[in-house]
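Here is the structure we will look at.
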């Protein structure tokens, strides 16, 4: 469990992590890894919603990659 109180806030923000990671990781390392994962999920969601990259028509990875690059250029 992680509890953080931002500087200008009255209440704490509590975070709970349930994981199967090895005991060798420190709690700070686990929190850092989950924060990285959350950031990456936000990038993926942004790509799907903003650039319509969730609608690929081909089964070929290369064709989809070219279409993605072209849509990012326009």
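Table for the structure above
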item	result
Qualifying position, being exposed (fewer than 10 other Cβ atoms within 10 Å of the Cβ), without any contact (Cβ under 8 Å) to a residue 12 or more places away in the chain and either closer than 30 Å to residue 72 by Cα or under 18 Å from the mean Cα position of the chain (by Cα) (or both), among 23, 18	18
The range 37-74, subset closer than 30 Å to residue 18 by Cβ and touching a helix residue (DSSP H, G or I) at 6+ places or on another chain (Cβ under 9 Å), residue surrounded by the most Cβ atoms within 10 Å (Cβ to Cβ)	47
Conditions (1) surrounded by 10 or more Cβ atoms within 10 Å (Cβ to Cβ); (2) over 30 Å from residue 19 (Cα atoms): number failed by residue 34	(2)
Among (1) within 30 Å of residue 73 (Cβ to Cβ); (2) modelled with pLDDT of 80 or more, the one test that residue 32 misses	(1)
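Let's see how each residue does on (1) touching a strand residue (DSSP E or B) at 6+ places or on another chain (Cβ under 9 Å); (2) assigned to a loop (DSSP other than H, G, I, E, B):
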| residue | (1), (2) |
| --- | --- |
| 9 | no, yes |
| 14 | yes, no |
| 20 | no, yes |
| 46 | no, no |
| 54 | no, yes |
| 62 | no, no |
| 65 | no, no |
| 72 | no, no |
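The values are calculated or read from the model by the stated rules, or taken from the named source; none is laboratory data. Since this is a predicted model, take the numbers as computed values, not measurements. Because the Cβ atoms are built from the backbone with ideal geometry, glycine has one as well, and the counts that use them run over all protein chains shown.
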